[in-house]
Structures are given as C-alpha cells and as structure tokens.
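The values are calculated or read from the model by the stated rules, or taken from the named source; none is laboratory data. Note that this is a predicted model, so its numbers are computed, not measured. Cβ placement follows ideal geometry from the backbone for every residue including glycine, while neighbour counts extend to all protein chains displayed.
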Amino acid sequence: MFKKIHVVVAVSALLLTACGQSDTSSPESAAPTTVASFPVTFENNGTSVTITEQPDAIISLSATATEILFAIDAGAQVIAVDDQSNFPAEAPISDLSGYTPNLESIVALSPDLVVVGYDADGIVAALTAAGIPVLVQSAAVTLDDTYLQISELGTATGQITQAGELNAKMKSEIESAIAQIPAEAAGLTYFHELDDTLYSVTSATFIGSIYALAGLTNIADTAADAASGYPQLSPEFIVAADPAIIILADTKCCGQSAETVAQRPGFAGLSAVTAGNVIELDDDIASRWGPRTVDFVKVIVEVLTKVTSK
C-alpha cells in the first residue's frame, strides 16, 4: 500500500510541476564567473531571492537537487534532505517531506537555504516570511534546464567552478553516448511506463526529450490526453500501438518486470515482449533530471545497441 501511495504522489508531483511555471531562475548578473561571491540574488519562481552569505545549513526537499548538491561538492553544506532523497548514500536523509512540507520542522533546523521541487502548500511564502531563502527548482523539460539548475545551485552554494565542471562533463558524456546509437534505431517506437497503472510520458517532458535525442518515436504522443505530458494509457491503446521497446520505470515502486508485463492480458503478443525488448530501469535514475541523467542516456544507448543487433 505504501508503494502505491508513493507512486500516486510522485506522478501527481510530476503533473504539478509540468503544469506550473518552468524554472527560469538566474542570477541578476549574467556575466560568467568562476569565483564565489555573495550576496547573490536570483529571479526565481517569479520572485527575487537573495542569499547574503555562502550557506552552510542547506535543506533539500528535492531528490534531484540533493543529487546535484552532492555532485558539485556542496554536500558538506547540506544538513538535511527529504525522505525521497536516497542518493547519494551519504545524504542526511530525514523525515522531512517535499510533497507535504512542514514549516515548523524545517525552521527548527535553522537552515540558511532551502531548495524545493515545487511550491507545495505555500511553503515558499511561508519560508520567505520566516526569513529563509528558498529556491524552487521545478521539473526540467530539457537538458538545458538541467544545466541551468546545476549552474544556479553552484552560484547559490559558492561551488561555481564545480558546477561548471559537472555541466561540461555531463554534456561531453551525453554527446559521446548519443553518437554511439546505431543508425538502425532511428524511429523505433517505445512505451515508457511510470507506474503499473500505465501512466507514461510524452516527448514534451524531460524524460521524453532524452528519448527524442536518441531518435525514438513515443507512442504516448498520440494519446487522448497527451497535452498533460503525463497521459494514462489504456492496455488497449498500448496493444494497438505495439511498441518495439517497453521501458519500465516502475521496477522498485511497483515490482514490475519483463515477466509481469508478459502476464498482462493481451501483452504476451506485443513485439517488445516477443523480441525480449522489455527493459527494466532503476526508477530513480529514470525519473530525476540531475547528474545521473548521463546514466539514463547510457542505458538507452545500451538498449538500442542490443535491440538493433538481434
């Protein structure tokens, strides 16, 4: 039951961030710099946010932000992360929630910066009123959004050089991986499964944009409610579309596997099933838009290499 509730909340969070404002925050000064300098002011989520000194008591209520903070060597500045931030292992996980944040619990830890994935329950205004700077880093829609958020957190934490190095490394590794995709993979159809109620993603989402880089065709793009970015498909729709590849991003949350997919009514004859092209992913890597996006891209490349070599 807990896993099912978690999935529903997670999908709802994706829908909320998709329907809200995209994160277009940036420091007031657009001049590139590699030197940490405070105070720094951001235009973030429609408001100005000023960080007066380099923060050393950061709370992250976003699993993706947590991964970015540790990847840019700001981990020592983080005092607590939310209950979904399970990577890296050294992240100071707590019972704080990014979905239903508790103001009193956050304030009690005396943070000098809070990072959230979206403005849940008016937490941004509440933290601002309490004198605590808060950055909103909404779900990325493109890789450029990811690079922007990494740069923003680098500036906000004083880890500018490390953020720039991470961005350069990610860009290089992703470009190298994409270049290895076999030409025969172009146009192959796929179904990306978010959970076992058949929620998926369209090409207009961050996840979908990664598949688009690989030249794949998303069956969810023609779904009736594709405009949401996260349509819930019917079994009949999937069977009719007969995707060449099925990617499961619900192996941890929902216990799905190639075997469980084959047992679904009508699915045994799908091309992806009969060809052995049902791919089991790590839910977290497939759903977060931070540094491990590189791992996601590499998995896709491995899958396409395998599929086209059969």
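Regarding region 217-224, can at least one residue be identified that is modelled with pLDDT under 95 and either on the phi < 0 side of the Ramachandran plot or crowded, with 18+ Cβ neighbours inside 10 Å (or both)? Show your work before the answer.
Applying the first criterion (modelled with pLDDT under 95) to region 217-224 yields 224.
Of the ones still in play, those that are also either on the phi < 0 side of the Ramachandran plot or crowded, with 18+ Cβ neighbours inside 10 Å (or both) are 224.
The answer is yes, given that some residue of region 217-224 is modelled with pLDDT under 95 and either on the phi < 0 side of the Ramachandran plot or crowded, with 18+ Cβ neighbours inside 10 Å (or both).
Is it fair to say Ile207 is over 18 Å from the mean Cα position of the chain (by Cα), modelled with pLDDT of 95 or more and surrounded by 18 or more Cβ atoms within 10 Å (Cβ to Cβ)? Don't jump to the end; show me each part of the working.
On the way: over 18 Å from the mean Cα position of the chain (by Cα): no; modelled with pLDDT of 95 or more: yes; surrounded by 18 or more Cβ atoms within 10 Å (Cβ to Cβ): yes.
Spelling it out, it is not the case that Ile207 is over 18 Å from the mean Cα position of the chain (by Cα), modelled with pLDDT of 95 or more and surrounded by 18 or more Cβ atoms within 10 Å (Cβ to Cβ).
Quick one: in region 220-243, which of the residues that are assigned to a helix (DSSP H, G or I) and of a type in the set (Ser, Thr, Tyr) is farthest from Gly187 (Cα to Cα)? Spell out how you get there, then give the answer.
In the first step, residues of region 220-243 are kept if they are assigned to a helix (DSSP H, G or I); the result is 220-222, 226-228, 235-241.
From the residues that got through so far, the ones that are of a type in the set (Ser, Thr, Tyr) too are 222, 228.
Numbers: Thr222: 15, Ser228: 23 Å.
If we take residues in region 220-243 being assigned to a helix (DSSP H, G or I) and of a type in the set (Ser, Thr, Tyr), then Ser228 is farthest from Gly187 (Cα to Cα).
If you scan region 225-240, which residues turn out to be among the aliphatic types (A, V, I, L, M) and surrounded by fewer than 20 Cβ atoms within 10 Å (Cβ to Cβ)? Steps first, answer last, please.
The initial filter retains those residues of region 225-240 that are among the aliphatic types (A, V, I, L, M), namely 226-227, 233, 238-240.
Matches in region 225-240: Ala226, Ala227, Val239, Ala240.
Can you confirm whether Ile5 is at pLDDT 95 or above, assigned to a helix (DSSP H, G or I) and under 30 Å from Ser228 (Cα atoms)?
Details: at pLDDT 95 or above: no; assigned to a helix (DSSP H, G or I): yes; under 30 Å from Ser228 (Cα atoms): yes.
No, not satisfied.
So, of the residues in region 68-84 that are touching a strand residue (DSSP E or B) at 6+ places or on another chain (Cβ under 8 Å) and assigned to a helix (DSSP H, G or I), which turns out to be surrounded by the most Cβ atoms within 10 Å (Cβ to Cβ)? Show your work before the answer.
Here is the first cut: in region 68-84, the ones touching a strand residue (DSSP E or B) at 6+ places or on another chain (Cβ under 8 Å) are 69-70, 74, 77-83.
In the following step, the residues that additionally are assigned to a helix (DSSP H, G or I) were identified as 69-70, 77.
On the way: Leu69: 30, Phe70: 22, Gln77: 17.
Within region 68-84, the match that is surrounded by the most Cβ atoms within 10 Å (Cβ to Cβ) is Leu69.
Just to verify a result, which residue in region 50-67, among those that are in contact with a strand residue (DSSP E or B) (Cβ under 6 Å, 6 or more places away or on another chain) and not small (Gly, Ala, Ser), is nearest to Ser287 (Cα to Cα)?
It comes out as Thr66.
With the condition being aliphatic (A, V, I, L, M) and surrounded by fewer than 18 Cβ atoms within 10 Å (Cβ to Cβ), I'd like the helices (runs of 4 or more DSSP H) fully within region 253-305 carrying at least 2 qualifying residues. Before you say what the answer is, go through the steps one by one.
Working: elements: 258-262, 271-274, 283-287.
Answer list for region 253-305: 258-262.
Going by the structure shown, is Asp196 charged (D, E, K, R), more than 30 Å from Thr50 (Cβ to Cβ), buried (at least 23 other Cβ atoms within 10 Å of the Cβ) and in contact (Cβ under 8 Å) with a residue 12 or more places away in the chain?
Numbers: charged (D, E, K, R): yes; more than 30 Å from Thr50 (Cβ to Cβ): yes; buried (at least 23 other Cβ atoms within 10 Å of the Cβ): no; in contact (Cβ under 8 Å) with a residue 12 or more places away in the chain: yes.
Against the criterion (charged (D, E, K, R), more than 30 Å from Thr50 (Cβ to Cβ), buried (at least 23 other Cβ atoms within 10 Å of the Cβ) and in contact (Cβ under 8 Å) with a residue 12 or more places away in the chain), Asp196 does not qualify.
Would you pick out the residues in region 261-302 that are over 30 Å from Gly164 (Cβ atoms) and either touching a helix residue (DSSP H, G or I) at 6+ places or on another chain (Cβ under 6 Å) or at pLDDT below 95 (or both)?
First pass over region 261-302, keeping only residues over 30 Å from Gly164 (Cβ atoms): 261-280.
Once the filter is applied, which keeps residues that are over 30 Å from Gly164 (Cβ atoms) and either touching a helix residue (DSSP H, G or I) at 6+ places or on another chain (Cβ under 6 Å) or at pLDDT below 95 (or both), region 261-302 yields Ala262, Gly266, Phe267, Ala268, Val273, Asn277, Val278, Ile279.
List the pairs whose first member sits in region 210-230 and is under 21 Å from Ala272 (Cα atoms), whose second member is surrounded by 15 or more Cβ atoms within 10 Å (Cβ to Cβ) and of a type in the set (A, V, I, L, M, F, W, C), and whose Cβ atoms are under 6 Å apart, counting only residues at least 6 apart or on separate chains?
Leu213/Ile178; Ala214/Ile181; Ala214/Ile300; Leu216/Leu188; Ile219/Phe191; Ile219/Ala241; Ala223/Leu233
Is there a residue being farther than 25 Å from Asp145 by Cα and assigned to a loop (DSSP other than H, G, I, E, B) anywhere in region 197-219? Spell out how you get there, then give the answer.
Here is the first cut: in region 197-219, the ones farther than 25 Å from Asp145 by Cα are 197-198.
Right, trim to assigned to a loop (DSSP other than H, G, I, E, B) and you get 197-198.
Scanning region 197-219 turns up at least one residue that is farther than 25 Å from Asp145 by Cα and assigned to a loop (DSSP other than H, G, I, E, B).
Being closer than 21 Å to Asn44 by Cα and of a type in the set (A, V, I, L, M) is true for just one of Leu109, Leu96, Leu69. Which residue is that? Steps first, please.
Values: Leu109 fails: closer than 21 Å to Asn44 by Cα; Leu96 fails: closer than 21 Å to Asn44 by Cα.
Testing whether each residue is closer than 21 Å to Asn44 by Cα and of a type in the set (A, V, I, L, M) leaves just Leu69.
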